[in-house]
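Participant: The structure that follows is given in the form of structure tokens.
Derivation of every value follows stated rules applied to the coordinates shown; laboratory data play no part. Keep in mind that what you see is a predicted model, and the values were worked out from it rather than measured. Please note: Cβ atoms are built from the backbone with ideal geometry, for glycine as well, and neighbour counts cover all protein chains shown.
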Amino acid sequence: MVVVREAATLDVRFFLNGQKVQAQSDPNLDLMSFLRDQLRLTGTKNGCATGHCGACMVIVDGKATRACLVRMSKVKPDSKVETIEGLARGDELHTLQIIFIRYGALQCGYCIPGMIMSAKALLDEKPIRTEDEIKAFLTTNRNMCRCTGYVHIIKAIKAAGECMASGKMPEALGPEGMEIQSTQLRKDAIEIVTGKKQYAGDIVMENMLHGKVLWSEHPHAEILNVDASEALAMPGVAAVVTAWDIPGVNRAGVIEVNRDQPAIAGREQKARYIGDSVASLFAETPKLAEEALKRIKVQYRVLQPVFSPEEAARPDAPTVHEKGNLMHHSRIERGDVEEAFKQCAVVVEHDYHTPRIEHGFLEPESGVAYPTADGGVTILMGTQTVFDDRSQLAEILAVPEDKVRVIQVAQGGSFGGKEDPILQPHLALGALKTKRPVRIVMSREESLRVHVKRHAADMHIKTGADKDGHILALDFNVVLDTGAYVSLGYDILENFVVFAGGPYYIPHVRIDGKSWYTNNVLAGAMRGFGVNQVVFGLEQNVDEMARALKIDPFEFRLMNGLVPGKATVSDHVLEAGIPGINETIIAAREALRKVTIPAPSGPTKRIGIGVGSAVKNVGFGHDIPESAGTIVELDKDGYLTLKVSHHEYGQGALAGQVKLAVNELGIPVDRIRIIGPDTAQTLTTGPTTASRQTFLTGNATVVACQDLRNHLFARAAELMDEPPEKMQFRDDEIVELVSGKHIKLAALGDRFTFQHIYTPPRTAAMLPVGEPSHYGKPHFKSRMTHWAYAYGTQVAIVEVDIETGEVRVLKVIAAVDIGKLLNSKIVEGQIFGGVVQGVGFALKEEFIVKDGINLTDTLHKYKMPTANDTPEIIPVVVEVPHPFGPQGVKGFAEAPSLATGGAIANAIYDAVGARIYALPAKKDKVLAAIAELSQ
Ligand code: FES
Ligand code: FES
């Protein structure tokens, strides 16, 4: 029996996972907090605390119940509460848990305990369920997942029900879904399905304080004074941190040369959006921290704000930053665009708009920090960039970098949204000031308010093609609102410009992009990095040109596709042997031929088919220095440890590195251990972003493994007097296969450590604004702006209701070029997740900001796709090994999300003859577009 004594007013008594619980509780406390904070059962996750995400799902008296919505006063005496911790019997996992792992239904894992509990409630009632029933149940219970696209989850629940009905338990784990998992990664998966996985917000340290951050009340204001005296006088409040506590430089930002944001607003730094922090407070309990935070008084001098690029561009506009409001201008001019348009048989010209998009990761930002004996600090958090965090903190704290250690812990999704510094300065300063461990867990409301969004974009796109269907000219103009700080906006604008021509060869181009500072939430990295917006507009222009010329959409794309020998709009002539877009176009067309096109489901319904193609960079490119390192250590017992700085956030990063090592060394997965990003243990590497780390770290892993193998086999060859070519590792020895001779690793040494830092080929910067392309002129040289690209082509099949304007995506074929397949379940999971994010982008999602304030302040208001929105997704893996990639592999995690928006927009046109120029394509917009046809 568990007995908990707390100073509170209500006696609660219920059964928890079969055990009687008697405790005292605040009657207004919610069941989720009671389980997590009072009983330390952190398998029940907190994704929102407002009933909108399903991460806290438990079963109460047989019913799936969101624990955050249940007050303790409403928990009936003797009611039966089941949580994820009670599902397995000792080491014996529940059928659902086994099948979730086997079906690869887990990525970041943060939603998974809630999903499994919902599924259990559903299947306990009746185990045989259709996919539609499962989708409806998950949607009704608001079980959200941002990673998986729900596909593997739905299939896993269905299969688990069938097992439960037949009484046949699944066999032990693997191999399906676990095909490349080492023992350690399998253990991680088991921790996810049993709720034992510790994200930063789950970590509890002895003597730990709880922090809360105070955000700026105003989008543009000077901080004249922060008076925390009243808060500090409250018993249990340990410290308040403000900008005046910063011993070093009050400056932060993910890219060192562009660090333009305050670590904490105050002192010489003003607040430029309502997500700027002004102070943080550390107290004995989260509740006390929240209460005390309200007692901090901030004196502001409110400044005139700027809320749009148009306002920002006015000559008399208030300046967000001293350097002016134009954050960056990027331009490409090649050939004679006006003359080329005159040669065109068809010219298409439109304005397009895409809104701000929220990452929607299920785990809001959180972190833990503790002071170390040497006067430094260690930070544990789900970050995408431990080394950039370290360099910023060293500057802020005015300490050498070796006094700051940043360790990446489990991360509940990110999609680019966890690169920027938010909590790190507060955690570090809080731990150092209080000399105690501190933890900060952001609420969903704070998370939505503070972290970067995908840029809203206004694009004007004019394209022309000759009568045979060759695209001759492109005139592209984009204006971006980058918000308060640059974040990665500089590079994102350049991505807009470099990929404005899509995956097509276009000889004459004029592309102009401007990105403006405003006092809105900052925009930054999100899966796709500027390409999703371009694709939505450009692919509709392409579709319109093909239709006007009566050319099949696949043929039109193939005719213009970027293939070796052709130049991108930024003058990179693709090298021979490097794949282009056409393989994915052909693969998608083949897949479409095999698909049955559904008939409309009613008299007001129309079916449409649309195609979209896209290309995106792998790696930063643009002359930004990049490198990554791996350390490999083989011990005398034949166990290998890989140390990599490839951040895992559910995309299968570590599994990929393990697989590369397995392929290289032939050492079985169960002998391989992997250590992820930790500034004290792994090699300095930039962020895991831009689909770059599989390529960069992967190459480092491959070469480090080769060095290890070559060295040991050469030593063994000497000692055994046999050639090294036919040697292999086997358990704790090296065996020569022809002679059968073998030698113990212990005879060669105790431990063998090799490391390699991989640096990819140097890339070219963009030409400065005003310098036209030299393409076609004497002495022209290809400008390799990126060392690799990921390509994708998608076909969307939609049904549009002409009476309501509702669009349903029925099927999506997603052909993605990945270089070389490492793990089919992981690749499928990335494709499903990316496509469903693309469906949300096309039809539902819009993060609304008005006068600098985010009106989208709950997950309920932000319409992310639910299980019901998941179409049938047909993944088509295109394997063209990349010559520079590790074993031919390249990063592709962003590629599956790129083309979906354009393909859906084209499918809507195919269905009803109306074009959508601004996303999301909600009912009223589609209906208005249809109505316009008859005017
Ligand atoms: S935490 Fe309860 S529904 Fe999100
Ligand atoms: S696996 Fe579902 S939110 Fe990440």
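Participant: Starting at the first residue of region 47-63, write each ³J(HN,Hα) from the Karplus equation 6.51 cos²θ - 1.76 cosθ + 1.60 with θ = phi - 60°, in whole Hz, x for Gly and Pro.
Facilitator: Ordered by residue, 3J(HN,Hα) equals x, 7, 6, 10, x, 10, 10, x, 5, 9, 4, 10, 10, 10, 6, x, 10 Hz.
Participant: In Å and from the alpha-carbon atoms only, list the Rg and Dmax of region 602-688.
Facilitator: 20.1, 72
Participant: May I pose another question? Applying 1/(1 + (r/R0)^6) with R0 = 30 Å to the Cβ-Cβ distance of D707 and S739, what FRET efficiency is obtained, to the nearest 0.05?
Facilitator: Approximately 0.75, to the nearest 0.05.
Participant: Another question, if that's okay. Given a Förster radius of 25 Å and the C-beta distance between T596 and K922 as r, what FRET efficiency does 1/(1 + (r/R0)^6) yield to the nearest 0.05?
Facilitator: After rounding, the FRET efficiency stands at 0.30.
Participant: What would the Debye formula give as log10 I(q)/I(0) at q = 0.14, 0.18, 0.29 Å⁻¹ for the alpha-carbon point model of region 678-740, no solvent?
Facilitator: At q = 0.14, 0.18, 0.29 Å⁻¹ the computed log10 ratios are -0.57, -0.73, -1.22.
Participant: Can I ask one more? Which of L538, L288 comes first, and how do the rest follow, when ranked by fewest Cβ neighbours within 10 Å?
Facilitator: By the 10 Å Cβ count, ascending, the order reads L288, L538.
Participant: Round to a whole angstrom and tell me the spacing of the C-alpha centers of region 788-832 and region 200-214.
Facilitator: What the calculation gives is 40 Å, centre to centre.
Participant: Name the lysines eligible as straight-distance cross-link partners of K270: C-alpha to C-alpha under 19 Å, and not fewer than 8 places from it in the same chain.
Facilitator: Straight-line reach from K270, under 19 Å: K297, K323.
Participant: Still on this structure: So for region 266-410, Kirkwood radius off the Cα pairs, Stokes-Einstein at 20 °C and 1.002 mPa s: how many µm² s⁻¹?
Facilitator: The Stokes-Einstein estimate is 101 µm²/s.
Participant: Okay, moving on. Note the full-extension length gain between K287 and D227 as 0.36 nm times their separation in residues minus their Cα-Cα distance, in nm to one decimal.
Facilitator: So the chain would gain 19.6 nm between K287 and D227.
Participant: Using a Cα-Cα cut-off of under 12 Å, which aspartates and glutamates could be cross-linked to K126, ignoring same-chain neighbours fewer than 8 residues away?
Facilitator: E162
Participant: Determine the calculated [θ] at 222 nm for the chain from helices alone, applying -39500 (n - 2.57) to every DSSP H run no shorter than 4 residues and normalising by the residue count; nearest 500 deg cm²/dmol.
Facilitator: My calculation for the chain gives -8000 deg cm²/dmol from helical runs alone.
Participant: For region 708-751 and region 305-322, write down the distance between their C-alpha centroids in whole Å.
Facilitator: Cα centroid of region 708-751 versus Cα centroid of region 305-322: 68 Å apart.
Participant: Please get the size of the charge dipole for the chain, origin at its Cα centre, with Cβ charges of +1 on Lys and Arg and -1 on Asp and Glu, quoted in debye to the nearest 20.
Facilitator: 1420
Participant: For region 728-814, which trypsin sites (Lys or Arg not before Pro) are in a loop by DSSP, counting at most 13 other Cβ atoms within 10 Å?
Facilitator: Those satisfying the criteria are R762, K781.
Participant: Work out how much length I551 to D670 would gain on full extension: take 0.36 nm times their residue separation and subtract the Cα-Cα distance, in nm to one decimal.
Facilitator: That works out to 37.5 nm of additional length.
Participant: Follow-up question, since we're still on this one. What is the distance in Å between the Cα centres of region 834-894 and region 379-431?
Facilitator: 26
Participant: Dividing the alpha-carbon Rg of region 496-613 by 2.2 N^0.38 Å yields what?
Facilitator: 1.29
Participant: Something else: Plugging the Kirkwood radius over Cα pairs into Stokes-Einstein for the chain, at a temperature of 20 °C and a viscosity of 1.002 mPa s, what D comes out in µm²/s?
Facilitator: 74
Participant: Given the convex hull over the Cα atoms of region 698-783, what projected area results after averaging over all orientations, in nm²?
Facilitator: So the Cα hull casts an average projection of 9.8 nm².
Participant: Could I ask something else about it? Using square roots of five times the C-alpha gyration tensor eigenvalues, list the equivalent-ellipsoid semi-axes of region 1-152 in whole Å, biggest first.
Facilitator: 27, 16, 14
Participant: Now for a separate question. Rounded to a whole number of µm²/s, how large is the Stokes-Einstein D of region 806-886 at 37 °C and 0.692 mPa s, given Rh as the Kirkwood radius over C-alpha pairs?
Facilitator: Taking Rh from Cα pairs, D becomes 220 µm²/s.
Participant: Taking a threshold of 24 Å on the Cα-Cα distance, which of the pairs K550/K820; K45/K850; K605/K811 fall above it?
Facilitator: Long pairs (Cα-Cα over 24 Å): K550/K820; K45/K850.
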